[in-house]
Every structure is written in C-alpha cells, then in structure tokens.
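Working notes, beginning with the structure itself.
Each reported figure results from applying straightforward, stated rules to the coordinates on display, with no laboratory input. Here the structure is a predicted model, which is why all the values come from computation and not from measurement. Here Cβ is always computed from backbone atoms with ideal geometry, including for glycine, and neighbour counts include all displayed protein chains.
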Amino acid sequence: MTTADFSLNIDPIGIAERLASEFAKTAAVRDKQGGNPKTERDLIRQSGLLSLSVPKQYGGIGADWTTIFKTIQIIARADSSLAHVYGFHHLLIATVQLFSQPEQYAKWFEQTTQQQLFWGNALNPLDRRVQVEALNEDEYLFHGDKSFCSGSMDSDFLLCSGYLNDKLFIGVIPSQRAGICFLGDWNNMGQRQTDSGTTHFEQVKIFKDELLLNPGPLSTPYASLRPLIAQLIFVHLFLGVAEGAFETAKQSVQQQKAWFKATAETAIQDPYIQKHFAEFYVQLESVRLLTEKAVKSLQQAWQKGEQLTSQQRGEVSVAIATAKIAATQTSLFITQNIFQVMGAHATTAQLNLDRFWRNVRTQTLHDPIDYKYQEVGEWVLTGKVPEPSFYS
C-alpha cells in the first residue's frame with residue numbers, strides 16, 4: 001500500500017485493522033526482543049496514517065479525534081508499543097498546533113505529509129536536566145539528558161524541551177541534527193518497543209524559529225488541551241490492550257474442553273467461565289461508553305479553539321479523567337484474569353501472554369491514577385474543575 005493509494009481511498013480504520021493483523025503475527029516475539037521495531041514503523045509510514053491528524057490545507061487527512069483515537073485503539077489490540085509511538089506522533093502534531101501559529105508549523109506539516117515523517121518525543125518537562133544557553137537573539141544550545149523519550153529513535157522530527165533558568169523552551173528539530181544521541185537504554189518490563197529511553201543533547205543548536213513561543217504551553221484553555229489529548233491516548237491504549245487480551249482469551253476458551261469437575265462438556269458451557277466473560281464484557285462496555293463521551297467532549301473543545309473557556313476545558317478534563325480511571329482498572333483486571341479462564345496452558349513462555357498485563361501495568365504508571373480519583377472526587381463534591389498542568 002502506498003501513500004498515494006491511501007489518499008485516493010481514505011479508510012483509516014480498515015488500514016489500522018490491516019496493520020494490527022500484521023503486527024499481531026510477531027508481537028509476542030518482538031516483545032521479548034525489545035529494541036526498535038524499525039520494520040513495523042516503516043509499515044506505519046507506508047500506510048499513510050501519519051498524515052491522519054495533519055490538517056487538509058497542509059496535505060493531510062484532517063481526520064477528527066474519534067477516527068484518530070480509534071486507529072490507536074485498534075493497533076493497541078495487537079501491539080501497544082507501536083500504538084504508543086503512533087499515538088504520540090499525533091499528540092506531537094497537535095502540540096505544535098496548540099503551542100504555535102500556522103506560519104511557523106506549515107512547513108513542518110507539509111514535509112510530514114509529503115515524506116510521511118514520524119515525530120518523536122523528547123519533551124518530558126518534569127526532567128529538567130536539559131539546559132538551554134542563549135548564544136544570541138536567534139540561536140540557542142540544548143545540552144543534557146532527557147528521559148522517557150518515547151518514539152525518539154527512528155523518528156524524523158523531534159519535539160524537545162529544556163530550561164533556561166526556570167523558563168521552559170520547547171522546540172521542533174530534525175531528529176538527526178548534530179549533537180543528538182539516542183542511548184537505547186529502555187529496558188523495562190512492559191512497552192518494550194517504545195524506545196522510551198534517554199536522549200542526549202550535546203550542545204545541540206536550535207534556532208529561534210524552531211521554538212514554540214506563541215502562544216506556548218498552558219497559556220490559554222485551548223493551548224492547555226495538550227495533556228488531555230495525551231491522557232486520551234493512554235485511555236485508548238488501555239482499552240485496546242484489554243480488548244486484545246479479551247479476544248485472545250475468548251478464542252482460546254472456545255476451543256477448550258471443560259475442567260474435569262465441570263458438568264459441561266466444553267469450556268464455553270461452563271457457568272463459571274461464562275460468569276468471568278460476562279464480567280470482562282460489562283467492564284469493557286463501560287469503558288467504551290465513558291471513552292466515547294470523553295472523545296466527544298474533546299472534539300467539541302478542539303473545534304471551539306481559542307473561544308474555549310477555562311470551565312469548558314475543566315469539564316473535558318473531568319470526562320477524560322473518569323474514562324482514564326475506568327480504563328486503568330479494567331485493563332489491569334482483564335489482563336490479569338484471562339489466565340483464570342484459559343488455564344495453565346496459557347502460561348507457556350512461547351505465547352508470552354503476560355505481555356498484555358506487563359504493558360498496561362507499565363503504561364498505567366505514567367502518572368499516578370490516585371490524582372485522577374482526587375480530581376474527579378473534588379469535582380463531584382465541590383464542582384471545582386481541575387487546573388491545567390502538563391499531565392491533566
């Protein structure tokens with residue numbers, strides 16, 4: 001499939017499903033290997049889906065958030081690492097739109113669509129080790145290490161950040177610029193192919209027209225939608241993984257005989273197994289509905305643009321936090337308990353089914369879920385909506 005084919009027949013959901021089917025063939029093996037999934041990332045490039053969130057006037061598809069998030073969810077059913085870096089690509093494109101002006105980002109977006117460029121993340125404002133030095137009015141140097149740089153390896157554009165005293169600077173630069181080194185030190189128990197390790201900046205030159213200064217982060221309710229988009233990416237990751245684990249367990253159980261003490265002949269007739277699957281299904285349906293509501297609220301806020309008020313932004317935040325809580329709990333519950341219905345054979349190392357749980361357990365720790373409970377609880381009791389931050 002070529003990008004030209006994609007532009008003639010826009011079916012992002014179908015393309016995402018075909019990608020997921022391909023990724024599923026090697027997901028278990030690649031999870032054990034870790035490292036950079038270069039072949040699979042190139043398949044995403046060739047699919048045309050990297051243009052999905054780019055506005056039409058720059059050659060992109062200009063899809064709505066419902067479609068964008070759905071493609072992330074579909075890919076996450078097969079491989080949440082690839083869904084993560086793919087989802088962050090769209091987050092970074094949105095970040096540039098929120099933090100800068102069309103006259104600045106037009107050239108980046110046109111390059112992205114023309115060459116199917118992948119965006120990588122080296123933002124992480126909580127890690128303040130990258131320091132900025134002003135050489136003159138138009139040139140700066142970034143120097144230091146940045147952690148949790150998901151998708152930075154094998155990227156084409158890099159969204160990066162550093163501090164000059166207490167002022168945060170965010171820039172967009174080519175990933176291969178002199179002085180940038182990707183250490184490849186990501187070796188965690190889950191999300192093993194997200195390349196979320198360290199990026200080192202060795203006196204990297206960044207020009208003023210590459211810095212996102214107008215309006216910058218958290219300056220308006222609209223600009224502060226960025227962390228809410230990130231949170232909804234996580235929601236769809238968790239939901240996709242839970243759906244993938246659910247379908248894997250369902251297909252396995254449909255082929256099994258019943259436990260020797262059961263009165264039924266097949267596993268699907270066992271009342272205890274039926275009860276477990278009913279519980280899985282009810283929880284998934286609940287998350288789907290809450291997620292649908294959250295996406296709708298974000299889409300409406302996105303369309304309001306600079307007319308978005310602080311109260312409206314806060315209400316979107318509550319809807320997303322609610323979905324995040326449900327998606328976190330459901331994904332952890334299902335990925336842990338599929339073994340209860342599949343039996344001992346499901347623990348064979350070759351199947352590597354624990355990757356579903358390891359992936360959501362790793363990613364759900366991105367930011368403490370307790371703070372989402374606090375935000376929703378405070379809103380329920382007082383009506384106060386959450387204040388914007390880099391993570392909510």
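Legend: distances between Cα atoms for 38/208; 296/384; 107/324; 146/384; 208/304; pairs beyond 23 Å are 38/208; 107/324; 146/384; 208/304. Take each peptide in 342-348, 109-115, count the other Cβ atoms within 10 Å of every residue, and average; sorted highest first, the result is 109-115, 342-348. Under the criterion of Cα pairs below 8 Å and six or more residues apart, the relative contact order for the chain equals 17 percent.
Packing, as the average of other Cβ atoms within 10 Å across residues, places the peptides 318-330, 58-70, 136-148, 351-363 in the order 318-330, 351-363, 58-70, 136-148, highest first. Between the stretch 254-317 and the stretch 159-203, the C-alpha centres lie 34 angstrom from each other.
The stretch 36-55 and the stretch 63-99 have Cα centres spaced 11 Å apart. Packing around the peptides 196-206, 305-315, 88-98, 280-290, taken as the average count of other Cβ atoms within 10 Å per residue, puts them in this order, highest first: 88-98, 196-206, 280-290, 305-315.
Taking 12 Å as the straight-line reach from the Cα of residue 32, the aspartates and glutamates in range (excluding those fewer than 8 positions away in the same chain) are 354. In sequence order, the stretch 43-54 has phi-based couplings of 5, 5, 4, 5, 6, x, 5, 5, 8, 4, 8, 6 Hz under the Karplus curve 6.51 cos²θ - 1.76 cosθ + 1.60, θ = phi - 60°, and Gly or Pro positions carry x. Lysines near residue 275 by alpha-carbon distance under 22 Å, same-chain residues fewer than 8 away left out - which ones? Straight-line reach from residue 275, under 22 Å: 250, 257, 261.
Mind running the shape call on the chain? Use the C-alpha gyration tensor, a ≥ b ≥ c as the square roots of the eigenvalues: rounded below 1.5 for a/c, prolate if a/b tops b/c, oblate otherwise. In terms of gyration-tensor shape, prolate. Taking 19 Å as the straight-line reach from the Cα of residue 293, the aspartates and glutamates in range (excluding those fewer than 8 positions away in the same chain) are 64, 243, 285, 315, 375. Think of the chain as having a plus end and a minus end, set by charges on the Cβ of Lys, Arg, Asp and Glu; of 374, 264, 353, 264 sits farthest toward the positive end of this dipole.
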